[in-house]
Amino acid sequence: MTVRDDLDRFIASERDRFTAELRELCAIPCEASDKGALDGAARWCRERLRAAGFADARELRADSAPALVVAETGAGKRTLIGVQHYDVQPAVPLELWKSPPYDPAIRDGAMYARGVDDNKGHLLLRIQAVEAHRAVYGELPIRVRFLIEGEEESGSPNLARLLALEPELTRGEGALKEGGAIDSQGRPLLSLGGKGILYCSFHVRTMSRDAHSGGATHYPNAAMRLAHAFASLMDPRGRVLIEGFYDDVRQPTAAEAEMLERMPFDAQATKDVVGIKRFAFGRGDDDAKRASVFEPTCNVCGLESGYNGPGSKTVIPCEAAGKIDFRLVPDQDPDQIAELLRAHLDRSGFDDVEFSAEEGEHPYRGPADAPLVRAVAAVAEEAFGKPVVLIPSSGGTSPMWVVCNARRMANVTLGMGHPGAGAHAPNEHILMENYWRAMRATARLYTGFASQE
Ligand SMILES: [Zn+2]
């Protein structure tokens, strides 16, 4: 990286220390199953924030849930909320990693570790950027508040409850979402929203035990029963048939439609990556692009029933199970969709098909016409040297509704992930060059957001 000014000089001078800190944080194996590691990571974040001048950094807790680390520093009219998380996805299967997931390794300018992209690298660079800002420009002209949770990868089940303990924690003028990335051409991707989710497990039992398939003329087959129930949820064009499902879907604004227009979408590459010639549901390329941003989904994640071993077994299965995730768009409400789903099954004669909603998160799409979005676009373009791409909503889910919805607050990503980063997959890594660029952008944002019209 060419050194342009004092900010670059400071970041360059602190590189070794900042890199060592990132290794230290990534060495903590904070998967959902490891309570001790989650506690360790919360403590690590709290101490790191204190060292960066967040004197009040503390851990908020409810029952035995992992702590929400909260901290605030700076002074000014605006408050920027950094919504981040320290928990990570499981690293298995371990044999696919070239170096151990919790022994961070640097190869060819990249750091490899579970969580280094999602989301430890992002959360740490936002803290280190506060330090850089203070060293180079002096005191922050805005308040920066961090909300760093430890259950994001499990659907943030306690975040709303924890924030309800101190409602002023969500008071602010904009939020920096977790993560963030650049595309294959080096353009920073600014995501202004995310889809919600309703995750359901289904079960149906048709008889007290399996039966000889000679009785298939009169014994009810559980696999067929569940297949029919699932088929009733969606037509072959991909339209969800649950009554009321689309009622709360918000139409894109003119600005969002324009954003979609300008959003690059490589249809061929999107097909090639999974070896298909055509998109599902007969969607053309433009329609696939539009749907990826604005359409909710109904997706069967798994199905299980009867005999699937070698050879044959002529049996009528008495039980079947399956899982479906619905990715939701604003302003669909996961609890309400679950009610509509139950009503649909009952009305369609599938009252014997049981389901339980295992995870529910609201979608959130913030305003594009907001000072924060303009400020992030300016600093990202400057730091990465490429125009930004605005994305009204990305396909994934993060808990921004809980933080932003009451005030319709703008939220945006400003990050350094790259297309091959492998978040949630083996050999997750970041390019250190991008890490320093994102840190520069973030330090400049802390000043830029204060005066942005
Ligand atoms: Zn994440």
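The values are calculated or read from the model by the stated rules, or taken from the named source; none is laboratory data. This one's a predicted model, so the numbers in the text were calculated from it and none came from an experiment. With ideal geometry, Cβ positions are generated from the backbone for all residues, glycine too; neighbour counts draw on all protein chains shown. Just so you know, the surface numbers come from the protein's heavy atoms only, side chains and all, with ligands and any DNA or RNA stripped out. Shrake-Rupley method; radii C 1.70, N 1.55, O 1.52, S 1.80 Å.
When VAL274 is tested against (1) in contact with a strand residue (DSSP E or B) (Cβ under 9 Å, 6 or more places away or on another chain); (2) among the β-branched types (Val, Ile, Thr); (3) closer than 26 Å to ALA227 by Cα, just one condition goes unmet, and that condition is (1). Regarding ALA370, is this residue farther than 28 Å from PRO101 by Cα and small (Gly, Ala, Ser)? So ALA370 passes the test.
Taking region 147-181 as the search range and keeping residues that are assigned to a helix (DSSP H, G or I) and either β-branched (Val, Ile, Thr) or within 15 Å of the ligand (Cβ to nearest atom) (or both), which one is surrounded by the fewest Cβ atoms within 10 Å (Cβ to Cβ)?
Result: SER154.
Reported count of residues in region 383-415, each being within 15 Å of the chain's Cα centre (by Cα) and in a loop (DSSP other than H, G, I, E, B), is 10. Among the residues making up region 135-157, those that are over 27 Å from SER64 (Cα atoms) and either aromatic (Phe, Trp, Tyr) or in contact with a helix residue (DSSP H, G or I) (Cβ under 9 Å, 6 or more places away or on another chain) (or both) are ALA135, VAL136, TYR137, GLU139, LEU140, PRO141, ILE142, VAL144.
When each of PRO141, PRO101 is tested for being open to solvent by 20 Å² or more (accessible area, probe 1.4 Å) and not polar (S, T, N, Q), the lone residue that passes is PRO141. For region 374-413, the tally of residues that are in contact with a Phe, Trp or Tyr (Cβ under 8 Å, 6 or more places away or on another chain), within 16 Å of the ligand (Cβ to nearest atom) and under 17 Å from GLU168 (Cα atoms) stands at 2. The set of residues in region 237-252 that are open to solvent by 40 Å² or more (accessible area, probe 1.4 Å) and either of a type in the set (S, T, N, Q) or on the phi > 0 side of the Ramachandran plot (or both) contains only GLN251. Open to solvent by 40 Å² or more (accessible area, probe 1.4 Å), touching a Cys at 6+ places or on another chain (Cβ under 9 Å) and modelled with pLDDT of 95 or more: which single residue out of MET234, MET224 fits that description? Criteria check complete, one pass: MET234. A single entry from LEU345, LEU328, LEU372, LEU340 fulfils the requirement of being under 30 Å from ASP210 (Cβ atoms) and either surrounded by 15 or more Cβ atoms within 10 Å (Cβ to Cβ) or without any contact (Cβ under 8 Å) to a residue 12 or more places away in the chain (or both): LEU345.
Of all residues in region 327-346, those satisfying the criterion of being under 18 Å from GLY366 (Cβ atoms) and hydrophobic (A, V, I, L, M, F, W, C) are LEU328, VAL329.
Taking the listed residues ALA37, ALA62, the one that is surrounded by 20 or more Cβ atoms within 10 Å (Cβ to Cβ) and farther than 21 Å from GLY180 by Cβ is ALA37, with no other qualifying.
Annotation for region 326-336: at least one member residue is more than 16 Å from the ligand (Cβ to nearest atom), at pLDDT 95 or above, more than 19 Å from the chain's Cα centre (by Cα) and farther than 28 Å from GLN128 by Cβ. Residues in region 283-291: is at least one modelled with pLDDT of 95 or more, among the hydrophobic types (A, V, I, L, M, F, W, C) and open to solvent by 50 Å² or more (accessible area, probe 1.4 Å)? Looking for residues that are modelled with pLDDT of 95 or more, among the hydrophobic types (A, V, I, L, M, F, W, C) and open to solvent by 50 Å² or more (accessible area, probe 1.4 Å), one finds none in region 283-291, hence no.
Considering GLY150, GLY179, the condition of being assigned by TED's automatic domain parsing to the domain that holds ALA383, in contact (Cβ under 8 Å) with a residue 12 or more places away in the chain, touching a strand residue (DSSP E or B) at 6+ places or on another chain (Cβ under 8 Å) and on the phi > 0 side of the Ramachandran plot is satisfied by GLY179 alone. Just one residue in the set SER201, SER184, SER191 is within 27 Å of the chain's Cα centre (by Cα) and within 16 Å of the ligand (Cβ to nearest atom); that residue is SER191.
Contact annotation: no residue pair with Cβ atoms under 8 Å, 6 or more positions apart or on different chains, pairs a residue in region 306-323 that is outside the structural domain of SER213 (by TED's automatic domain parsing) with a partner that is open to solvent by 30 Å² or more (accessible area, probe 1.4 Å). Looking only at region 114-141, residues that are closer than 16 Å to LEU414 by Cβ, more than 16 Å from the ligand (Cβ to nearest atom) and touching an Asp or Glu at 6+ places or on another chain (Cβ under 8 Å) come to 2 in all.
Considering region 417-429, the residues that are assigned to a loop (DSSP other than H, G, I, E, B) and away from the ligand (no atom under 14 Å from the Cβ) include one that is surrounded by the most Cβ atoms within 10 Å (Cβ to Cβ), namely HIS418.
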